Amino acid sequence: MEKFIVHGGSQLEGSVNISGSKNASLPILAATLLTREQCVIRRVPDVSDTNYMLQILQNLGAEVERASGTVVIRCEKLRSHEAPYDLVRKMRASVCVMGPLLARHNRASVSLPGGCVIGDRPIDLHLRGLEGLGAEATVEGGNVHLEARYGLTGKVIDMSGKHGATVLGTDNVMMAAVLAKGTTVITGAACEPEVVDLADFLIAMGAKITGAGTPRIEIEGVSELGGVEHTVIPDRIEAGTFMVAGALAAKDSITLRRVNPEHLTSITEVLRRCGCKVEVSKTTVTVSRAANPVGANITTEPYPGFPTDMQAQMCSLFAVTPGTSVVRDTIFPQRFMHASEMKRMGADITVDDGTAIIHGVEQLSAAPVMASDLRASAALVLSALTAKGNTEISRVYHIDRGYEHIDDKLINLGAEIERLPA
Ligand code: EPU
C-alpha cells in the first residue's frame, strides 16, 4: 500500500493532458465480448479499474494486448460465462459484463457486487431490464445467474429508478439488446456522455442504435457484430478534478488539454458562479483562480446536471472559500466520507441527510488522512494542495483506481507530492 505526502502551498501553472475516460472505457471493454473479431480501443487510461476489467475479460476467454493507452482485444471463443467474486469485489463496474455475456452466450453468472463505501449499490434495475428482454435471474451463493433459455427478445424496457436513471444499467440493457431479436426501446435511459460513447462503439461494430444521449434509446437487434477501432472520450471527471485544482491553487491559471468542454458545462458553470474565470476553446479549458471567491449551493443530478463524481472535489474548494456553501448529493446521499477526513484538516463541514453545509475557513492544515474511495481521495489531494504543512494521505490505491498518474500530472503543474510505500 502506498501513501502520498503532499507539501502544501505550491502554486500550479502550465498545462495538463486529460486521459481517456475510465467510466467510458469500462463498458466499452466489456462490449468487446460481443464479437469474435478484434477490437482496438485507444485512450484507455492506465488505472487499476481498467486493469481489473481486462483481467475479467481474460478470465472469460479474451486475448488482450495493451501498450501505451491502446488495448487490443479479441474474444474469439468464450471460455466461461462467469465473473468470479475475487475480481468483481474489486470493481463494481464488472457487473457490465452481464449484458454482453447474455447476448453472446445466453448465460451470465456474475458475483453480486455488494455495497461500497459510497453507499448501497443495488443492481435491481439491471436485472429488471435484462429480465424484460427474456432472461431469468436467480441469486445463489452470492452470485446472480442469468439465463435466456429462448434467447433475448426486444421489448420496451423502463430503466428509471427512484434516484433517476442508471448509467451501467442502461449500458447493460443496451449491450444485451444489440443482438436480441426485434426492437428494444429503453425509456428512462441514462444520458451520460459515457453511454453515448458506448453506443458509438456498438454502432461502429454494426449495432443499430438511435437516441443515445436522450432518455429514449431504440435498438434494433442484429445477428452479428464485427471488430472495430475506437478512441475513448476524454475523462470529464478527471478534467473537473483538475479544474478544481486550478480554482484552488493556480498561480494564475492552468490549462487542461484534450478535453470535451461540452461535457464540462455544469462544472464550468459552478466554477464561474464561484468567481473563477473559465475560458473554453474546442478542446481546452483554462481555469484561473477567483479574485473574490464566493461559495455556492450545488445539488448533484444525472447528466447534464452536476455530477456526483465531482461532489467531493467541490467540498475541497468550498472548505476554503469564504461564506457558506451547501452540497447536496441526491444520487449517492451517503457519499461524504471525505468530510470527516477534511474536518481533521480543519474544515468546517456538517453532513446531514445527504447534504453538507460548509463554512469556508481561511486555510486548512495538514493532518494524516485516509483515502476511502476514488473521488474522496481526489478531494483529499486537492485539499492538501493548499493546506499548511505536509499532508499524509494513506491508501492511495483508491485514487489509482481511476486517476491516471495524478501525482505525476500535478507535479508537472508545480505541486510537490511524494509517493511512498506506507
Ligand atoms: N441504482 C438503483 N438500482 C440499480 C442501479 C442503480 O437503485 O440497479 C441507483 C444507485 O444506487 C444510485 C443511482 O441509481 O442511487 C445511480 O446509479 P448508477 O447505476 O447510475 O451508477 P453506476 O452506473 O453503478 C456510474 C459510475 C459512477 C457514477 C454513477 C452515477 C461507472 C463505472 N461508474 O455508476 O462512477 O457515480 O454512474 O453517475 O460508470 C466513480 O467514477 O467514482 C463512480 C462511482
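Every number here is computed from the coordinates shown, using simple stated rules; none is lab data. Here the structure is a predicted model, which means the values were calculated and not measured. With ideal geometry, Cβ positions are generated from the backbone for all residues, glycine too; neighbour counts draw on all protein chains shown.
For a Förster distance of 51 Å, can you work out the FRET efficiency between the beta-carbons of Thr355 and Lys77, rounded to the nearest 0.05? Once the sixth-power term is evaluated, E becomes 0.50. Among Pro122, Pro293, Pro84, the largest mean-square fluctuation in a Gaussian network model of the chain (Cα springs under 10 Å) belongs to Pro122. For Ala422 and Asp120, the difference between the fully extended length at 0.36 nm per residue and the C-alpha to C-alpha distance is 105.8 nm.
Remark: Thr350, Thr300, Thr183 ranked as Thr350, Thr183, Thr300, counting other beta-carbon atoms within 10 Å and listing the fewest first.
I'd like to know how the chain sits against the 2.2 N^0.38 Å rule of thumb: what's its Cα Rg over that expected value? Display every interim value, and only then the final one.
On the way: Rg = 21.3 Å, N = 422, 2.2 N^0.38 = 21.9 Å.
So the chain has a normalised radius of gyration of 0.97.
Dipole magnitude for the chain: about 140 debye, using +1 per Lys or Arg Cβ and -1 per Asp or Glu Cβ, origin at the Cα centre.
Which of the pairs Lys22/Lys208; Lys3/Lys388; Lys181/Lys208; Lys251/Lys388 have their Cα atoms more than 20 Å apart in this structure? Kindly include the intermediate steps, with their values, before the conclusion.
Values: Lys22/Lys208 25 Å; Lys3/Lys388 18 Å; Lys181/Lys208 12 Å; Lys251/Lys388 17 Å.
In this structure, Lys22/Lys208 exceed 20 Å between Cα atoms.
Can you put Asp200, Asp171 in order of Cβ neighbours within 10 angstrom, beginning with the fewest? Spell out each step's value before the answer.
On the way: Asp200 20, Asp171 32.
Lowest to highest Cβ neighbour count: Asp200, Asp171.
Would you mind getting me the FRET efficiency between His405 and Ala204? Use the beta-carbon distance for r and R0 = 35 Å, nearest 0.05. About 0.75, to the nearest 0.05.
As a calculated quantity, the FRET efficiency between Gln55 and Glu229 at R0 = 25 Å, using C-beta atoms, amounts to about 0.65.
Taken over the alpha carbons of segment 1-123 as equal point scatterers, the Debye sum produces base-10 log I(q)/I(0) values at 0.11, 0.14, 0.15 Å⁻¹ of -0.44, -0.65, -0.73.
State the extension gain, in nm to one decimal, for the chain segment bounded by Glu262 and Glu362, taking 0.36 nm per residue of separation less the distance between their alpha-carbons. Don't skip to the answer; put the middle values down first.
Values: separation 100, 0.36 × 100 = 36.00 nm, distance 3.27 nm.
Length gained, Glu262 through Glu362: 32.7 nm.
Length gained on full extension, Ser340 to Arg272: 21.8 nm, using 0.36 nm per residue less the C-alpha separation.
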